[in-house]
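> Let me give you the structure first, and then I'll get to my questions.
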Amino acid sequence: MNDKIAIVTGANRGIGKETARGLAAAGMTVVMACRNLVSARTACEEIISLTRNPDVAVMKLDISSRDSIRNFVEDFKNRYGRLNILINNAGVCTMDHRRTVDNFEPNIGTNYVGTFLLTMQLLPFFEKDAEGRIINLISNIYKIGWFHFDKMHDYRWFRAYAVSKYMVLLFTLELAERLRDSGISVNAVHPGIVRTSIMYTHRWFDHIIKLILSPFFIDVAEGAKQIIHLATAGEATNVSGVYFHKTRRKRIPTCYNSLKLRAALWEYSSSLLKDQPLMERLLKDKAKQ
């Protein structure tokens, strides 16, 4: 693993931090792509101390901003120039109705749009024949995430979060199919109900949420277990387009895996890229390699 380069988004705390620690312990070069640089640098120092792996670095990334994503990709290109593993962990579950800087509902704009744009712009850096791996974090709540493209800005909080995670699942399945035989695996992981800050709203009813969910909580180490396994296991690239609930493969009901909806979401998402034809050519080139 010493020659592998991995990006973990939202790695300054929770599952992202634990995943970064696990990859660093495996000997990888780990880029912690985070919005909060202060807490990210503290987490980075802690990971280096625990793993004795000096090849852990922090880079600025706000996944809800197209400009931040573009700047991150350019910086990553200049500093590393190649990539083996991408862990799309960063996300929010917010009641805030204010749209992102790019005018998206905040849950959908951060959790899905940002994940799509970052992944597609990093795709050219995956090395040929180097067992590239893309791992997207989702939630089992995707099952209430039905959506309409003309109502993207109408969804709120919990429903918007579910929509965003359903979109990430559909993106995972579609990208895995388009990258079939390319050497890049694409999988989705629901880590379980992990005891992290994303579960809370900083409102009076947080104690009710805690009361209801506390019997199901798991710690971050258990939540990150399957993510680390998929990133490090030798046989991981034999699996692609799979949904994992914790460590178990889960069948996606046919009603949630509509090829028509996947194609429509791909077309919608691709339209967000400034140079769609170029990205489509890059994707085809990867599939042919």
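> Obtain the radius of gyration and the Kirkwood radius of segment 47-86 from its C-alpha atoms and give Rg over Rh.
Using Cα coordinates only, the ratio equals 1.05.
> Oh, and also: So if I take the alpha carbon set of segment 24-131, get Rg, then get Rh from the Kirkwood formula, what is the Rg over Rh ratio?
For segment 24-131, the value is 0.99.
> Of the peptides 166-178, 220-232, how do they stack up when ordered by the mean number of other Cβ atoms within 10 Å, highest first?
Result, highest mean Cβ count within 10 Å first: 166-178, 220-232.
> Per-residue HN-Hα couplings for segment 139-152, Karplus 6.51 cos²θ - 1.76 cosθ + 1.60 at θ = phi - 60°, whole Hz, x for Gly and Pro?
9, 5, 5, 4, 5, 10, x, 4, 8, 10, 5, 7, 10, 3
> Another question, then. Using the structure shown, list the pairs from Lys77/Lys225; Lys128/Lys165; Lys4/Lys250; Lys17/Lys77; Lys151/Lys225; Lys4/Lys60 with a Cα-Cα distance above 32 Å, or answer none.
As for pairs spanning more than 32 Å Cα to Cα, those are Lys151/Lys225.
> Quick check: the distance between the Cα centres of segment 225-263 and segment 125-186, to the nearest angstrom?
10 Å
> Continuing with this model, one more query. Listed highest first by mean packing, meaning other Cβ atoms within 10 Å per residue, what order do 249-260, 62-73, 115-126 come in?
In decreasing order of mean packing, 249-260, 62-73, 115-126 become 115-126, 62-73, 249-260.
> A further question on this structure: Which residues' amide hydrogens lie under 5 Å from the amide hydrogen of Lys4, considering only partners 5 or more residues apart or on another chain, with H built in the peptide plane?
Thr29
We did not get these values from a lab; they are worked out from the coordinates using the rules stated. Keep in mind it's a predicted model, so treat the numbers as computed, not measured. Cβ atoms come from the backbone with ideal geometry, glycine included; neighbour counts cover every protein chain shown.
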